[in-house]
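Please treat every number below as a calculation from the coordinates, not as lab data. Just so we're clear, the structure is a prediction, and the values are computed from it rather than from any experiment. Cβ atoms come from the backbone with ideal geometry, glycine included; neighbour counts cover every protein chain shown.
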Amino acid sequence: MRLLFTGIIEELGAVDALVDQGDAVRLTVRAPLVVADARLGDSIAVNGVCLTVAERDQETFTADVMRETLDRSALAELQPGTRVNLERATTPTGRLGGHLVQGHVDATGTVRSRVPSQHWEVVEVEVPRPLLRYLVSKGSVTVDGVSLTVVEVDDQRSVFTVSLIPETLTRTTLGTRRSGDAVNLEVDIVAKYVERMVTPLVATEPEARP
């Protein structure tokens, strides 16, 4: 069964411990809310990365983070005490408050600037160029597990902007991300499927007659 998230953060947890296992890291996160009903084998998104609960107690859960995940995400930069965004996998009867999120990080981006205003803050994120084709103004993107709406995309500079409301700034790690920080990015899965279906049609389309 494929699990999905919505990009609506439930809890701001904290890294409790990290154990280096060579080709993996055993990560323990203090998160009393999301572990309240967690069972072994359940999925929890940590900064947008889907991880499997291997151990749990009343206030923490532990997951194994493989080398592939460490290489493709910013989880490798976590330290004890680091705050992390947490979301449990959604259920068929749950509300889809954000958009469909898989918890499979496509790449990491870099925060380039923050511009505060009276009621929100505009954040600019640099993105690897291959991901630009999946980003459109008013489309969806997941940044560190947070479902956000893209404001603008600058193809020449390879950046996009999002507007963060006070609720997002307060309840997620995006409120403390600084210029130069790495963030996990997951583009809209719908855009990927559309590209997959359309590409063969475009490739075989006959050339237009003069």
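From the alpha carbon centroid of segment 13-71 to that of segment 104-128 is 25 Å.
Taking the Cα centre of the chain as the origin, how large is its charge dipole in debye, to the nearest 20, when only Lys and Arg (+1) and Asp and Glu (-1) carry charge on their Cβ atoms?
Working: 22 positive and 30 negative charges, 70 e Å.
Computed charge dipole of the chain: roughly 340 debye.
Whole-Hz Karplus values for segment 111-122 come out as 5, 9, 7, 9, 10, x, 9, 5, 10, 7, 9, 8 Hz, taken residue by residue from phi with 6.51 cos²θ - 1.76 cosθ + 1.60 and θ = phi - 60°; glycine and proline positions read x. Normalised size of the chain, defined as Cα radius of gyration per 2.2 N^0.38 Å with N residues, equals 1.08. Qualifying GluC sites (Glu not before Pro) in segment 29-100, where qualification requires a DSSP coil assignment and no more than 14 other C-beta atoms within 10 Å, comprise Glu59. Phi angles across segment 16-23 convert, under the Karplus curve 6.51 cos²θ - 1.76 cosθ + 1.60 with θ = phi - 60°, into 3J(HN,Hα) values of 9, 7, 9, 10, 6, 10, x, 9 Hz, Gly and Pro given as x.
Relative to the Cα centre, the charge distribution of segment 8-82, modelled as +1 at Lys and Arg Cβ and -1 at Asp and Glu Cβ, gives a dipole magnitude of about 40 debye. About its Cα centre, segment 107-196 has a charge dipole of approximately 100 debye under the convention of +1 per Lys or Arg Cβ and -1 per Asp or Glu Cβ, with nothing else charged.
The angle between the Cα long axis of helix 189-204 and the main principal axis of the chain comes to about 30°, on a 0 to 90 degree scale. Amide hydrogen proximity for Val84: with H placed 1.01 Å from N in the peptide plane, the residues at 5 or more positions away or on another chain lying under 5 Å are Gly13, Ala14, Val15.
Highest GNM mean-square fluctuation, the chain, Cα pairs closer than 10 Å: which of Ile44, Ile189, Ile165? Checking each option, the largest mean-square fluctuation is seen for Ile165. The residue list Ala76, Gly180, Val115 was ranked by how far each Cα lies along the charge dipole of the chain toward its positive end, using unit charges on Cβ atoms, and Val115 comes out on top.
Report, to one decimal in Å, the Kirkwood hydrodynamic radius for segment 107-196 based on all distinct Cα pairs. Please list the in-between numbers first.
Values: mean 1/r = 0.0763 Å⁻¹.
Hydrodynamic radius (Kirkwood, Cα only) of segment 107-196 equals 13.1 Å.
Dividing the Cα radius of gyration by the Kirkwood radius, what Rg/Rh value follows for segment 11-88?
On the way: Rg = 11.1 Å, Rh = 12.1 Å.
Rounded to two decimals, Rg over Rh is 0.92.
Sorted ascending by nearby beta carbons within 10 Å, beginning with the fewest, His99, His119, His104 become His119, His104, His99.
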